[in-house]
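Just below is one structure, and these are the notes that go with it.
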Amino acid sequence: MRFCLLLTGTASDGATLAVLLEAAPFLAERTWSVMLDMSGPASALACEGLDAVLADRLMPRGLPLATASEQDETLVLAPLRGGAPMRWNWWKGRTAPRLVEALRLRRLPGEPLVDEALFVMRSETEAPRLLLERLLLLGRSDAQVVSFVDEAGAGSFAVKVKAPPIYLMMAARDGGGEVAVYGRHGTSSLWVAWSFEHPAPGPAAASLARMNQAALVDREGNWLRTPAEWRVRAIHDAVAPELEAPRVVMRSVESEVRFRVAIRLAPAAITDPDLWLLSPEQLLELEPLIEVSTADELSRLTVARLTGGDGTVYLLRERVRPGTPRMAGRVSDTLGVPGYSQVAGADNLYVPTGRRLMPVLRRDDLRALLGLERAHTVVLTEDRDGPRVVTIAEVDEQPLQRWIDYVATDRRLELDKLLERSVFEFPEVTIEWPKEARQPAPKRPSTREAPVKRAPAPKPVVVEEAARGIDVDAAAHLRALREQVRALEKRVIAGGCDEPEVWQELGEVKAELGDGDEAADCFEMALLHAGPPYDAGLAGRLMAASRGDDSEDSLMEWVVASRRTPAEASRLGASLVARVAAQRPPADELMQLALPIFADPRLPVSRRLAWAVLAGWHHHARDRLGITRAKEAILGGINERGLSELHDLPRFVRHALAREGEDANEESAEARGDRLQQGQLIALEAMWHEASQAGLPEMDAPAAFMRLIFAVGFARLGARGLAQELIAPVELELDVHEIPNRALFRLYMARLAHESSGGSPEVWAAEVGRIVESVRDARLQQAVLWLQKRSMWLRTTNEEESAASKGARYKLPQGVDVGGLAEVVAREVSIGTRTFDYLIAEAVDVCVRRALASGSDAVVAEVLASAEPGLGNIQILSHRAEAVAACIHGAASVGDDAMVGRLLETLVNIARSEKLGSARELVRATQRGLGALRRFGGLEPARGLLEALSRVHAYTSSDQILLSATVATGFVQIGEERVADEVLDTLCAQVLAGSLDYVTRAQGGLAVAQALRHWPNMTRVERFRRFIAALAVFRDTFTASRYYDTHKILILEAIVDSLADSRTRHSDRVQGFLDQEEHALRRRIVTDWSAVCGR
Amino acid sequence: MWTLEELEPEIDDIRARIQQHRRGLKEYFVARDEEIDLAILCAVAQEPLLLVGPPGTAKSDLVVKLTESLGLGAGDYFEYMLTKFTEPSEILGPIDIAVLKEGRYLRRTRGMLPDCRVAFLDEIFKSNSAILNTLLTILNERKFYQDGQPTPVRLVMLFAATNDIPDQSELEAMADRFILKIETKPVKDRHFEELIDAGVMNESYRASGHKPWTRGAASLDDFLKLKRFMDLSFGMGREPGRDRAQWFPRPVFAEMRRIVRALETEDKVMVSDRKLVKLYKVIRTQAFLNHGGAVQTSDLNLLAYVGNRRDEIPVVASKVKALLGLGG
């Protein structure tokens, strides 16, 4: 009979053991006999030290003690406290050298997670291989392996895995005991059978630590001790990978084999073309473009006449000018031909735009293949038979302007009067062509009418002839008609005229005067404003003026054509409208092909004609869905692209806008100065005299910079001789200047040559690189780069592009259609979104733009309703302003005045806030908001916004100046020039006063120069005169000031650039008219749609 | 309804016919064996199947051909593409105006979802909450509410497709109803030629109005009978654990438990209690369908399709295959 301690295998055992060790601590290191109940978790521990005497002493402490005896293999445990004895029929015994090793492990429920697991198995079995294979399949190459040898020399293999796969532990536990799995938490040296826990892990680990050992405790409590440190290896060290496959060895040898590879043209990204090869007829198609282009723009187009196997061909080329918008798109639109683009890396090789050479060849191979070195230009054309190489040995290119000095279209009134007077006063006048034309002009094709005033012919020479008889009545009639035209034109040029009768009358008169194109524009206007169903007579007049043909054959031919010129598209549209109006609608099949053509916003016809075709048909068919889709297509196109100056502006309106301020008899000096390039030249000359009044000292760097800057301006306006005069002294004294200045002078001279030759941006970048690189000393080179990067003329476009490429970083999630935009924008602006403010602002912008492009007011309204409540979640105010501007754009387009009002108020509050970091985004937002309000007829809100912003005091002076300049520009754009002048005067005074720091002053000066582009020339000169006089105040203390005055140069550049710019002012006036027309067109579309849909 | 005694003599023939049906269907697709196996299994087990994948991966084609091959009668098949603007009446049938005048709110379900036997709902997660709630009731309880009264539906097979499973909590309940979800991937990279050839043949069939797959070896009745047989056999023992003891060997069952546990603890895949029970039955059904007997370890490959979220599906599939030693 032995005395023993009864343990239940539950949490209460902990208290039992604590009491035992407190009462008899010497028992901890004694040898114990352990008896395990195999049918339950209980165990009994006996020890020699635990005798009757000790048992008597321990009993009062409440310990569960019993006597143990064996009866026929049954263990009988009689509790010393009394009670029925326990009988363990199935039990096991073992001994343990100390108490912690005698304790039985406790089973844990479920599959507990452990920090690390140790899988132990015999080395000679299959188990290690299977385990390693499975671990590698699970991607657990971080496992480590350990090998053990026991005292008998038997080998064990163990795999140690952190965050072990629970599947493998369960498999080991559930298996037949082939693999034992142990787990541990942290870095404990006590490894316990997985799914079990030791009742006293702390003392057990401490015991191991004292002996510098680790132990593996199996589920019955047996301890296997090992040294604390194990020799571990990576799992891959224990794996010998096998691959049963035949092996072949190959070695490389030299080879001269060459293969024939056909070079072909493959699709590429669409880029702006650089040149066009035109037939004589195609060259004449340029007329509409020539009429609306400024002299500055035309000077960038050159023409060369070529002859060869294909007869006469004209080479039209655009001289690209850095920083100036390309004309290529307009040229291609006008001609209806795509043109050719330069191949990167080959200066004189051109391929059709949107195509590229495939495969890409080395430059030398390309040269040899196409003979690039022997030719001036090589153009790879393409037709149905494949590519053709057109080699142009040499060309004599002349500016297009030289071909078109035959008539002054913007002096049409004088021409008209001349013609009228000629009937009465100079009946003997006739026209004689000079014997030798400077350049033979192509012949007009016989199929087109040839109005005298647009004929591309050399200057006529007026000579007197003998008097002839005249038809006085006809002349009087002609004069009366012209008077009538002038009166009617005056009425419609104000913009927004929506009286069909006026337009029809104007159209009839113009048709009688033989001006078919303008008559067609007027009839289109009349039809549009009358609304469907269209008057058959009027539609017939439109078709006649457009030279249309409503036969089935012609319609089908135009509809199925793969490409249509603008004239053909107009004819098709007019003919369709006429057929429908005359109750002879074309076949449904034909209309199914035609409708998508006119729904395409890229079709080069006026939007009013496109709408007339669609509305006329759907009204006839009573197709509500159709007209709804048409409305969305046309409005979406307008939202996305706006109206086109080329297609939506009647030609005589363009002329009138170019003659701003002109009256029948007198022309203001201001308008005259603004209209002609000479005016700009006069202004620039005046400014030059102002600047050089006090004399320009020689060998003086600032004087040289001034000469160079003005020279570039003169060159840009075509006065190259004067430009050369200006720079001659600089060229002579070049060597006496400091090295950085020398390089900068060269850069300006290169710029001058570049302006004249019209090289590409790449050529300019290379030129700049070459000159900058010529300065070897890094410090001096830095001084050159300092100005080169800040100057608007010297910087390269790559720098501008890299700045521009920072935009549009937000991408809509894939697969989002317009119906999902509201959801996207709501998610982006919600509070919980974890993204940057600039991305949220861009998300709002992108969603609004996409919604606008859908043309559906409902979609736009839904997106705005989702976006507006969350705008306040954009913390950075400048980004919030951008999002607000996007919403103003949307709200103005759907006519939600209440929302526009709220958003404008938000914008003003942002401007007033002290937390506004930078005004740059606010200015951008204001400009966008104003543009949208103007387009959608919101002049009053626009005025309100400007007035509110003019009262805002920005946080910093530079922001204030930027904001004021924007406000002034805004006022001048909405026609409030008086207010704009006041704001600008204040601004000029502020900039020139001494209260600003020099950086802010320079920024202010640049902002004013930028804003003044929107003013008439003479006003610009007046303001700039003050700047030139006070140029000395634009000083700076930059390191480079030892060589030059950065700010003075930049201000001077801005002034000259502004004076040489006529585009901005012209486009302001055109845009003003287009805004009014767009507003009227929108109203008409909605009215027509409502008439069909009953809403 | 069929009794066990009626079904037992012909059940092996039914199994063989369905197997042949499956093989026949595979001839019209390229590398879609996995999807077809699952679709057939779900059709037998009458569990809904969700096909997840980008457009153009034969999701609709697969379901349409399968349903056509079953020789369904008029009005037995219902197919609809859901959008957020789809109204319940487009799925459940319009309100009966004549009855509404009497103050009762009944739908005319003829030819609509409640009246059909097989349904295919495309873009299921794009539908609005009104439809989703109705679908939940239909999937759970095989009934829907007419004028406040539960009315049984005839639907036995539901297939659904989606480009994506939106990560929105309100859609979790619906996603959980689909015990099995499979990702359909483009196969053109691996089967370029076969895809072109099969595509051309299919276009030719379509142009000629010829549908050879409609000559399926099995009929809808075969599928219903096998389902009935399985239902009866699940309850044969009339004591808990009997079916498992007889048809699910302990090692295989332990393996299933291990995999489910691993997916839950390591990949946080939610396997609800309801889903676990249904999984058991589907695995059993697959085992019976494929080899007519007890479940084998290879049948546990169905666990590869229990992923719930879009990003989970490929991870779970790969993990289960690795655990089963089938390669990652």
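The values are calculated or read from the model by the stated rules, or taken from the named source; none is laboratory data. In this text the structure is predicted, and so the values were computed from the model without any measurement. In this analysis, Cβ positions are derived from the backbone assuming ideal geometry, glycine residues included, and neighbour counts consider all displayed protein chains.
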**Hits in the range A:192-213 (condition: aromatic (F, W, Y) and under 60 Å from the mean Cα position of the chain (by Cα))** = A:W194
**Prompt:** How many residues are over 21 Å from A:L635 (Cα atoms), surrounded by fewer than 19 Cβ atoms within 10 Å (Cβ to Cβ) and modelled with pLDDT of 85 or more when one looks only at the range A:569-607?
**Reply:** 4
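Would it be correct to say that B:I18 is farther than 27 Å from B:L303 by Cβ and away from chain A (no Cβ under 14 Å)?
Working: farther than 27 Å from B:L303 by Cβ: no; away from chain A (no Cβ under 14 Å): yes.
In short, no.
Residues checked against (1) modelled with pLDDT of 80 or more; (2) of a type outside the set (A, V, I, L, M, F, W, C); (3) assigned to a helix (DSSP H, G or I); (4) more than 29 Å from A:S570 (Cβ to Cβ):
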position	(1), (2), (3), (4)
A:I634	yes, no, yes, no
A:A656	no, no, yes, no
A:E660	no, yes, no, no
A:D674	no, yes, yes, yes
A:Q678	no, yes, yes, yes
A:L684	yes, no, yes, yes
A:F705	yes, no, yes, yes
A:L708	yes, no, yes, yes
A:F714	yes, no, yes, yes
**Request:** Give B:M270, B:M230 a once-over and let me know the one that is assigned to a loop (DSSP other than H, G, I, E, B) and away from chain A (no Cβ under 14 Å).
**Result:** B:M270
**Complete:** Among (1) out of contact with any helix residue (DSSP H, G or I) (no Cβ under 7 Å at 6 or more places or on another chain); (2) surrounded by 16 or more Cβ atoms within 10 Å (Cβ to Cβ); (3) not assigned by TED's automatic domain parsing to the domain that holds B:I40, B:D221 falls short only on (2)
**Prompt:** Quick one: what pairs do we get from the range A:862-891, first residue within 9 Å of A:I840 (Cβ to Cβ), second of a type in the set (D, E), C-beta under 7 Å, 6+ apart or different chains?
**Reply:** A:I874/A:D837; A:H879/A:D837; A:H879/A:E921; A:A883/A:D845
**Message:** So, A:G323, is that one over 25 Å from A:T294 (Cα atoms), at pLDDT below 85 and outside any helix (DSSP H, G or I) or not?
**Reply:** no
**Prompt:** Is it the case that the range B:255-264 has a residue that's within 13 Å of chain A (Cβ to nearest Cβ), surrounded by fewer than 17 Cβ atoms within 10 Å (Cβ to Cβ) and closer than 30 Å to B:I11 by Cβ?
**Reply:** yes
**Request:** Would you point out the residue of the range A:969-988, among those that are more than 30 Å from the chain's Cα centre (by Cα) and not in a helix (DSSP H, G or I), that is modelled with the lowest pLDDT?
**Result:** A:G975
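Output the residues belonging to the range A:348-357 that are at negative phi and touching a residue at least 60 places away in the same chain (Cβ under 8 Å). Break it down into steps so the answer makes sense when it comes.
At the first step, the residues of the range A:348-357 found to be at negative phi are A:348-353, A:355-357.
Once the filter is applied, which keeps residues that are at negative phi and touching a residue at least 60 places away in the same chain (Cβ under 8 Å), the range A:348-357 yields A:Y350, A:V351, A:P352, A:T353, A:R355, A:R356, A:L357.
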**Request:** Keeping to the range B:199-228, report how many residues are modelled with pLDDT of 90 or more and within 17 Å of B:R22 (Cβ to Cβ).
**Result:** 10
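Output the residue which, of all residues in the range B:93-148 that are acidic (D, E) and outside any strand (DSSP E or B), is farthest from B:F223 (Cα to Cα). Step through it out loud before you land on a result.
Here is the first cut: in the range B:93-148, the ones acidic (D, E) are B:96, B:102, B:115, B:122-123, B:141, B:147.
Add one more test, that the residue is outside any strand (DSSP E or B), and what stays is B:96, B:102, B:115, B:123, B:141, B:147.
Numbers: B:D96: 34, B:E102: 41, B:D115: 18, B:E123: 26, B:E141: 20, B:D147: 32 Å.
Looking at residues that are acidic (D, E) and outside any strand (DSSP E or B), I get B:E102.
Can you pull out every residue in the range B:172-202 that is in a helix (DSSP H, G or I) and touching a Ser or Thr at 6+ places or on another chain (Cβ under 7 Å)?
Our first condition is that a residue be in a helix (DSSP H, G or I); within the range B:172-202, this holds for B:172-177, B:192-202.
Matches in the range B:172-202: B:D176 only.
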**Prompt:** If you take the residues of the range A:172-182 that are surrounded by 22 or more Cβ atoms within 10 Å (Cβ to Cβ) and within 14 Å of chain B (Cβ to nearest Cβ), which of them is modelled with the lowest pLDDT?
**Reply:** A:A172
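Determine which member of the set A:E48, A:E70 is acidic (D, E) and surrounded by 13 or more Cβ atoms within 10 Å (Cβ to Cβ).
After applying the criteria, what remains is A:E70.
Out of curiosity, is A:L168 within 23 Å of A:P112 (Cβ to Cβ), more than 14 Å from chain B (Cβ to nearest Cβ) and at pLDDT 90 or above? Talk me through it step by step, then tell me what you get.
On the way: within 23 Å of A:P112 (Cβ to Cβ): yes; more than 14 Å from chain B (Cβ to nearest Cβ): no; at pLDDT 90 or above: yes.
No: the conditions fail for A:L168.
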**Request:** Can you work out which of the residues in the range B:58-87 that are surrounded by fewer than 19 Cβ atoms within 10 Å (Cβ to Cβ) and assigned to a helix (DSSP H, G or I) is nearest to the other protein chains (Cβ to nearest Cβ)?
**Result:** B:S60
**Complete:** Those strands (runs of 3 or more DSSP E) completely within the range A:1-48 that have 3 or more residues that are farther than 11 Å from A:P64 by Cα and at pLDDT 90 or above are A:32-37, A:43-47
**Request:** May I ask you to list pairs of residues, at least six apart or on different chains, whose Cβ atoms are under 6 Å apart, with the first in the range A:281-307 being over 22 Å from A:S644 (Cα atoms) and crowded, with 18+ Cβ neighbours inside 10 Å and the second being modelled with pLDDT of 85 or more and of a type in the set (D, E, K, R)?
**Result:** A:T302/A:R317
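When the residues of the range A:191-236 are narrowed to those that are among the aliphatic types (A, V, I, L, M) and part of a loop (DSSP other than H, G, I, E, B), which ends up farthest from A:A117 (Cα to Cα)?
Of all residues in the range A:191-236, those among the aliphatic types (A, V, I, L, M) come to A:192-193, A:200, A:204-206, A:208-209, A:211, A:214-217, A:224, A:228, A:232, A:234-235.
Within this subset, residues satisfying the condition of being part of a loop (DSSP other than H, G, I, E, B) are A:200, A:211, A:228.
Details: A:A200: 20, A:M211: 23, A:A228: 16 Å.
Taking the candidates together, the pick is A:M211.
Counting just the residues of the range B:277-328 that are in a helix (DSSP H, G or I) and of a type in the set (G, A, S), which one comes out nearest to the other protein chains (Cβ to nearest Cβ)? Steps first, answer last, please.
Of all residues in the range B:277-328, those in a helix (DSSP H, G or I) come to B:277-291, B:297-305, B:312-323.
Cutting the leftovers down to of a type in the set (G, A, S) gives us B:287, B:298, B:304, B:317-318, B:322.
Values: B:A287: 21, B:S298: 16, B:A304: 14, B:A317: 14, B:S318: 9, B:A322: 4 Å.
By that ranking, first place goes to B:A322.
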**Prompt:** Quick one: which of A:A753, A:A719 is more than 36 Å from the chain's Cα centre (by Cα), at pLDDT below 85, under 23 Å from A:L400 (Cβ atoms) and not acidic (D, E)?
**Reply:** A:A719
